[in-house]
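The block underneath contains the structure these notes are about, expressed in structure tokens.
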Amino acid sequence: MERDARAFWILSPGKGEIRDAVLPEPGPGEVLVRTLFSGVSRGTEAIVFRGGVPPNQHAVMRAPFQDGTFPGPVKYGYLNVGVVEEGPAELAGRTVFCLYPHQTRYVVPAGAVTPVPDGVPPERAVLAGTVETAVNALWDAAPLVGDRIAVVGAGMVGCSVAGVLAGFPGCRVELVDTDPSRFAVAEALGVDFATPERAAGGCDLVVHASATEAGLARSLELLAPDGQVVELSWYGDRKVSVPLGEFFHSRRLTVRGSQVGAVPPARRASRSFADRLALALRLLANPAFDALVTGESTFAELPRIMPALAAGRLPALCHRIVY
């Protein structure tokens, strides 16, 4: 029996449309999911939408269920929450999260979906992929009790990191951004806020997520001797300068990359991707994360909304799509 679906595609840089799709019959070990909500991860999806994925990163940047190729036509996205309409008995009727693009219904292996815990509203569960990135970054960073920590860049990823760190014992956590309106988000998450020129120095750890040269330079300035910057920004095809003069060597500073595509070595033997995502979903029981959803549109509006999100005309952390 054929099942119809509709999906959002990027046709070419800066242009998208909704296309019809025909779904296959779910086979053994597969699930049919009807989407409730998806989220636009504005930083990465804006780069994809404007065609900014460098050719040498086309393979690395593929989303798990991406169709097509960069720069387009391509179906891209990875924050999807839906209900299992058909599948194994233990999943049938369950609300699940999946790293699937913006599409009304889809068929995937049962192992590709993660049940949303009862205490997590499906509206909030669209943040799971970004909170998973935050978990991975903090496994890389390995903060200690009582650390002085700055998160530079109050976008969706930076706010997710701050939200996870807010519960870390004894830590001073400051969210740093050029936009003073992000104070309200920091307050909701339970962390301090500062603009870059007023940020507290002497940090043991800085997590950088602003995707700007100025943010990276300020991150290094905020470090105490032997401090570490964990770099979460993805710059796409832009060239970025790193200020390695001045006090970089005398303070013995470190810049370390972190990317969600691999579990950090310290956890690789004991944690799977599924474990990491399940942890992210459990953390989303905290209602403070609702502050990261700053807008909402219907699925039919995506072709009009995505250009505005990508260009920054519609400011957003996570923009939620309703089906």
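The values are calculated or read from the model by the stated rules, or taken from the named source; none is laboratory data. Quick caveat, the model's predicted, so the values are computed rather than measured. For neighbour counting, all protein chains shown are included, and Cβ atoms are generated from backbone atoms with ideal geometry for every residue, glycine included. Quick note on the areas: whole protein, heavy atoms, side chains included, nothing else; ligands and nucleic acids left out. Shrake-Rupley method; radii C 1.70, N 1.55, O 1.52, S 1.80 Å.
Say whether the condition of being in contact with an Asp or Glu (Cβ under 9 Å, 6 or more places away or on another chain), within 26 Å of Leu309 (Cβ to Cβ) and at pLDDT 95 or above is met by at least one residue in the range 137-145.
No.
Take the residues in the range 229-243 that are part of a loop (DSSP other than H, G, I, E, B) and among the β-branched types (Val, Ile, Thr); name whichever of them is farthest from the chain's Cα centre (by Cα).
Checking each candidate, the answer is Val242.
Would you call Ala188 in contact (Cβ under 8 Å) with a residue 12 or more places away in the chain, within 30 Å of Pro55 (Cα to Cα) and outside any loop (DSSP other than H, G, I, E, B)?
no
When you scan the range 299-307, do you find a residue that is of a type in the set (Phe, Trp, Tyr), more than 21 Å from Val151 (Cβ to Cβ) and touching an Asp or Glu at 6+ places or on another chain (Cβ under 9 Å), even just one?
no
Name the single residue that is farthest from Arg94 (Cα to Cα) among those in the range 17-33 being surrounded by 14 or more Cβ atoms within 10 Å (Cβ to Cβ) and of a type in the set (A, V, I, L, M, F, W, C).
Per the criteria, the residue is Ile18.
I need the full set of residues from the range 244-298 which are assigned to a helix (DSSP H, G or I) and farther than 27 Å from Ala110 by Cβ, in order please.
Correct list: Pro265, Ala266, Pro287, Ala288, Asp290, Ala291, Leu292.
Considering only residues that are out of contact with any helix residue (DSSP H, G or I) (no Cβ under 9 Å at 6 or more places or on another chain), part of a loop (DSSP other than H, G, I, E, B) and open to solvent by less than 40 Å² (accessible area, probe 1.4 Å), which ones fall in the range 96-119?
Answer for the range 96-119, where residues must be out of contact with any helix residue (DSSP H, G or I) (no Cβ under 9 Å at 6 or more places or on another chain), part of a loop (DSSP other than H, G, I, E, B) and open to solvent by less than 40 Å² (accessible area, probe 1.4 Å): just Pro101.
Testing Leu232 on (1) under 20 Å from Val131 (Cβ atoms); (2) open to solvent by 50 Å² or more (accessible area, probe 1.4 Å), one condition comes back false. Which one is that?
Of (1) under 20 Å from Val131 (Cβ atoms); (2) open to solvent by 50 Å² or more (accessible area, probe 1.4 Å), only one is false for Leu232: (2).
Name the residue, out of Gly236, Gly261, that is within 20 Å of Phe97 (Cβ to Cβ) and modelled with pLDDT under 95.
Every option except Gly261 fails the conditions.
Checking Val161 against (1) out of contact with any Pro (no Cβ under 9 Å at 6 or more places or on another chain); (2) in a helix (DSSP H, G or I); (3) more than 26 Å from Pro225 (Cβ to Cβ): exactly one of these is not met. Which one?
Val161 satisfies every listed condition except (3).
Pick out the one residue from Gly93, Gly68, Gly14 that is in contact with a helix residue (DSSP H, G or I) (Cβ under 8 Å, 6 or more places away or on another chain), surrounded by fewer than 16 Cβ atoms within 10 Å (Cβ to Cβ) and of a type outside the set (Lys, Arg).
After ruling out the rest, the residue left standing is Gly14.
The conditions are (1) among the aliphatic types (A, V, I, L, M); (2) closer than 28 Å to Ala46 by Cα; (3) surrounded by fewer than 24 Cβ atoms within 10 Å (Cβ to Cβ), and Val145 fails exactly one of them. Which is it?
Just one mismatch for Val145, condition (2).
Just for the range 273-302: of the residues that are open to solvent by 60 Å² or more (accessible area, probe 1.4 Å) and among the polar types (S, T, N, Q), which one is farthest from the chain's Cα centre (by Cα)?
Thr298
On the basis of being of a type in the set (Asp, Glu) and touching a strand residue (DSSP E or B) at 6+ places or on another chain (Cβ under 9 Å), does Asp226 make the cut?
Criteria met by Asp226.
May I ask you to verify whether Arg172 is farther than 19 Å from Ala224 by Cα and either free of Cβ contacts under 8 Å to residues at least 12 places away in the same chain or out of contact with any Cys (no Cβ under 6 Å at 6 or more places or on another chain) (or both)?
No.
Report, by residue number, each residue of the range 34-65 that is under 15 Å from Leu309 (Cβ atoms), in contact with a helix residue (DSSP H, G or I) (Cβ under 7 Å, 6 or more places away or on another chain) and open to solvent by less than 30 Å² (accessible area, probe 1.4 Å).
Val40, Ser41, Ala46, Phe49
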